[in-house]
Structure formats: structure tokens, C-alpha cells
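Below is one structure, written out as C-alpha cells, with a few remarks after it.
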Amino acid sequence: MMNDTTYHFDFGFGSVPIDTSLSLINFGFQDRDEKHRQGPLTKAEHVLQYISKGKGTLCVKSRTYTVQAGDLFYLPKNLLLSYHSDASDPYVYYWVGFDGASAVKFVERMGLTPDNPVKPLYDDRITEAYARIGAALEKNNFASYTEGMGEFYKLFALLLSFEEENAKSVQTVSMRCVNQAILYIRNNFSSDINVTAIADAVGLGRNWFSTIFRKYTGLPPVQYLMRYRIDQAQKMLRQGMSVTETAIGCGFDSPANFSVQFKKLTGVSPVSYKNYK
């Protein structure tokens with residue numbers, strides 16, 4: 001078991017399928033109200049609503065859907081939509097509004113799109129997850145918002161788990177080797193390392209390693225190593241280190257070679273960069 005031994009998880013390059021940064025914009029609970037009606041309107045954020053009781057109607061992209069207890073439905077950002085409660089059996093629902101660069105990707109991974117905005121997911125855990133967000137947020141302080149964000153991510157993890165694709169490993173053997181290689185480069189860039197040494201460190205032949213490294217990073221390993229060294233060199237120069245100290249600290253065999261490679265990638269010499277910064 002995990003608690004019986006030392007362990008760690010390293011989520012490096014390519015191991016996570018999408019950017020996981022999201023912002024919780026708003027949250028709420030709608031109790032039974034036979035007169036409840038929203039829209040036509042557009043939302044400034046993405047919204048996921050879950051009906052725990054009753055039923056209602058949703059209109060998105062000129063299509064009408066009947067929604068009922070157990071349904072998760074999606075209100076896309078910046079699209080004209082409307083929704084209203086059923087007069088005889090008013091719905092009860094929670095909602096969460098959110099945004100972020102990968103908000104759409106998260107929703108798509110849940111199996112929802114503007115063309116398919118409703119998904120039946122009757123599960124008491126969903127109601128409980130929404131309720132925990134509300135319980136955290138009602139404390140109304142920075143710590144409680146952070147707690148609410150944690151519960152928000154737990155809700156998303158639960159909603160994602162209903163799609164089989166999301167249960168598959170996000171990191172293949174090849175990805176793990178590339179991640180190990182990048183970590184090796186970061187830990188050893190100041191030493192005299194080359195592609196063969198990196199491939200040996202991850203237990204692969206040079207040619208196959210070069211192929212998969214380029215597939216996942218878009219760069220041959222020798223170029224990645226050089227760019228990483230120059231990136232670190234720029235930081236060192238900005239911190240006041242001399243050109244010679246920087247060359248040695250970044251694994252170059254001479255200040256002259258360092259200067260050539262630095263100018264090739266940045267367009268200026270290390271001396272000019274240092275003086276300008």
C-alpha cells in the first residue's frame with residue numbers, strides 16, 4: 001500500500017492531457033419554483049447544472065430538451081439559451097459557473113457539447129459533491145474559497161469518471177521515458193552530457209529515444225538540451241554572473257562556443273544580452 005513506502009508522482013511534460021487551471025466563477029442552488037425562468041440570455045462563463053428533483057426545459061442552439069432529476073446539463077458560454085421549470089413538477093438543481101483556457105475541453109471530456117448539452121447521470125454522489133462546494137463557499141473568506149475550489153475539482157473528477165476514456169492512463173511508457181529524459185536534462189545540463197548519455201539514463205537506444213522525444217516535444221533531444229541550456233544561461237546572466245561563469249555553469253566546453261550558440265538562438269551575444277538586461 002502507498003502508506004507503507006516512500007513514493008512520488010511526477011507530472012512532467014505531456015503527462016497531463018490538458019491545462020488543468022480553472023476558475024470557479026459562481027455557485028448556487030435553485031429550489032422548487034414553478035415560475036422559474038431564465039432567458040433568452042447568454043452566459044459570461046460556462047455553467048454545469050445538476051437536477052436533483054423535478055423537471056424542466058432547456059433550449060440551446062434552437063433545440064429544446066426536457067431535463068429531469070438525474071440530468072447534468074451544460075450552459076455554454078456566449079451562446080443564446082433559455083431554461084425554465086416545469087409548472088407541475090418544478091426542478092431543484094445546483095449550478096456551478098466556471099471558466100479557464102481548458103474549460104471547454106473539460107466539459108467535452110464529460111461528454112457534453114453545445115450540440116449535446118444534456119447527460120443523464122443519476123447518482124447521489126453528484127448532489128453531495130455540489131453540496132460540499134456550497135458548504136465551503138458559504139464561509140465567505142479566502143480560505144473557504146480555496147476549500148471550495150478543492151471541492152469543485154473533486155466534482156469535476158467525479159463527473160469525468162463517468163466517461164471510460166478518462167479512466168485510462170494519461171501517461172504512456174513513451175511519455176514516461178520522455179519525462180524522465182527531461183528531468184535528467186534539468187538535473188544535469190551543467191555537466192558534459194549528450195544524447196547518448198540521456199538515452200542511456202532512460203534505458204533506450206539512441207535512435208528510438210530520439211524518435212519518441214521529438215514526437216512528444218517537437219524537438220530533437222540535442223536541440224532541446226541546447227535550448228534549455230541557453231534558457232538557463234539567460235537567467236544566470238540576468239542575475240549578474242559573468243559570461244565565463246555562465247558558460248561553465250551551463251555545461252559548455254568554452255566561453256567561445258557558448259557565445260556562438262547563445263547568439264544563434266537569441267540573436268545577440270551574451271555580453272550584449274547581459275549589458276542590455
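The values are calculated or read from the model by the stated rules, or taken from the named source; none is laboratory data. Predicted model, so just to flag it, every value in this text is computed and none were measured. Here the Cβ positions follow ideal geometry from the backbone for every residue, glycine too, while neighbour counts run over all protein chains shown. Remember, those area values only see protein heavy atoms, side chains included, never the ligands or the DNA or RNA. Shrake-Rupley method; radii C 1.70, N 1.55, O 1.52, S 1.80 Å.
List of remarks:
- All of (1) touching a residue at least 24 places away in the same chain (Cβ under 8 Å); (2) surrounded by fewer than 17 Cβ atoms within 10 Å (Cβ to Cβ); (3) over 30 Å from CYS177 (Cβ atoms) hold for LYS274 with one exception: (2).
- Residues that are in contact with a Ser or Thr (Cβ under 6 Å, 6 or more places away or on another chain), in a helix (DSSP H, G or I), crowded, with 16+ Cβ neighbours inside 10 Å and among the aliphatic types (A, V, I, L, M) do occur in the stretch 225-235, at least one of them.
This table checks each residue for (1) open to solvent by less than 40 Å² (accessible area, probe 1.4 Å); (2) under 30 Å from LYS119 (Cβ atoms); (3) not hydrophobic (A, V, I, L, M, F, W, C).
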residue: VAL178; (1), (2), (3): yes, no, no
residue: LEU183; (1), (2), (3): no, no, no
residue: PHE189; (1), (2), (3): yes, no, no
residue: THR196; (1), (2), (3): no, no, yes
residue: GLY203; (1), (2), (3): no, no, yes
residue: GLY240; (1), (2), (3): no, no, yes
residue: CYS250; (1), (2), (3): yes, no, no
residue: GLN261; (1), (2), (3): yes, no, yes
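- Test result for ILE193, over 31 Å from the mean Cα position of the chain (by Cα), of a type in the set (A, V, I, L, M) and not in a helix (DSSP H, G or I): yes
- Filtering GLY100, GLY111 for residues that are in contact (Cβ under 8 Å) with a residue 60 or more places away in the chain, open to solvent by 10 Å² or more (accessible area, probe 1.4 Å) and of a type outside the set (A, V, I, L, M, F, W, C) leaves a single hit, GLY100.
- Near pairs, Cβ below 7 angstrom, 6+ apart or cross-chain, from the stretch 137-153 (closer than 24 Å to PHE106 by Cβ) to any residue that is of a type in the set (S, T, N, Q) and assigned to a helix (DSSP H, G or I): LEU137/SER144
- Residues within the stretch 27-64 that are under 14 Å from TYR93 (Cβ atoms) and either of a type in the set (A, V, I, L, M) or assigned to a strand (DSSP E or B) (or both), tallied: 17
- The C-beta contact set for the stretch 57-74 (first residue free of Cβ contacts under 8 Å to residues at least 60 places away in the same chain, second residue among the charged types (D, E, K, R), distance under 6 angstrom, 6+ apart or interchain) comprises GLN68/LYS55; ALA69/LYS53.
- So ASP89, is it in contact (Cβ under 8 Å) with a residue 24 or more places away in the chain, of a type in the set (D, E, K, R), open to solvent by 20 Å² or more (accessible area, probe 1.4 Å) and in contact with a strand residue (DSSP E or B) (Cβ under 8 Å, 6 or more places away or on another chain): yes
- Residue ID - surrounded by the fewest Cβ atoms within 10 Å (Cβ to Cβ), chosen from residues in the stretch 125-176 that are in a loop (DSSP other than H, G, I, E, B) and of a type in the set (D, E, K, R): LYS168
- Candidates SER52, SER23 - the one that is of a type in the set (Ser, Thr, Tyr) and either under 15 Å from ASP86 (Cα atoms) or buried (at least 19 other Cβ atoms within 10 Å of the Cβ) (or both): SER52
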